[in-house]
Amino acid sequence: MTNAMIIFWQSVDLMNAGVIGSTGRTLTMELPDGSTKEIQEPEPIHTFACWKGMGYSVKKGEHAIARFPIWKGSEMVIKDQDGNETDEKSLKMFRKEACFFTAAQVEPTEERKTGDRPRRRRAPAKPPMIPDLPVQAPEGGYGSWLN
């Protein structure tokens with residue numbers, strides 16, 4: 001499962017629990033048996049780094065509305081048999097707990113207000129608001145998400 005899907009389904013759980021709201025839009029999903037189900041689209045949530053990359057900062061005193069693990073990658077240099085570093089690199093993937101915030105918890109930075117670009121801008125991992133959902137559920141289904 002991709003980060004976008006993990007975040008989306010966690011958002012659905014948070015919305016169903018009343019932690020976050022809905023956008024008011026409805027999504028139609030096709031279930032493995034061929035039937036369809038409509039669910040409300042949850043309001044978007046992003047990590048601190050993603051909000052920062054989009055020109056927002058988390059308001060002082062705000063706490064994350066959710067914490068859950070997502071995939072993180074790290075490049076590692078491959079060593080040869082003698083232990084010397086080579087030009088080849090390998091990507092190691094691991095799960096890392098991330099903190100998520102809603103739009104109500106952030107405010108535009110001065111650069112965003114004036115239209116200036118931040119000096120040190122990290123390219124955000126712009127997750128789609130609505131990820132491309134698979135036509136069929138993964139083996140074992142979606143668990144509690146569709147109940």
Please determine, by comparing only the residues of the stretch 1-24 that are hydrophobic (A, V, I, L, M, F, W, C), in contact (Cβ under 8 Å) with a residue 40 or more places away in the chain and crowded, with 18+ Cβ neighbours inside 10 Å, which one is nearest to Cys99 (Cα to Cα).
-> Ile7
By residue number, the members of the stretch 17-30 that are more than 19 Å from His63 (Cβ to Cβ) and in contact with a helix residue (DSSP H, G or I) (Cβ under 7 Å, 6 or more places away or on another chain) are Ser22
Search result, residues across the stretch 56-78 that are within 25 Å of Ala17 (Cβ to Cβ) and either among the β-branched types (Val, Ile, Thr) or in contact with a Gly (Cβ under 7 Å, 6 or more places away or on another chain) (or both) | Val58, Ile65, Ile70
Sort through Lys37, Lys52 and tell me the only one that's among the charged types (D, E, K, R) and either over 15 Å from the mean Cα position of the chain (by Cα) or at positive phi (or both).
-> Lys37
What number of residues in the stretch 25-49 are polar (S, T, N, Q) and under 25 Å from Lys96 (Cα atoms)?
-> 1
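Each reported figure results from applying straightforward, stated rules to the coordinates on display, with no laboratory input. Because the structure is predicted, anything quoted here is derived from the model rather than measured. Don't worry about glycine lacking a Cβ; one is built from the backbone with ideal geometry, like all the others, and counts go over all protein chains shown.
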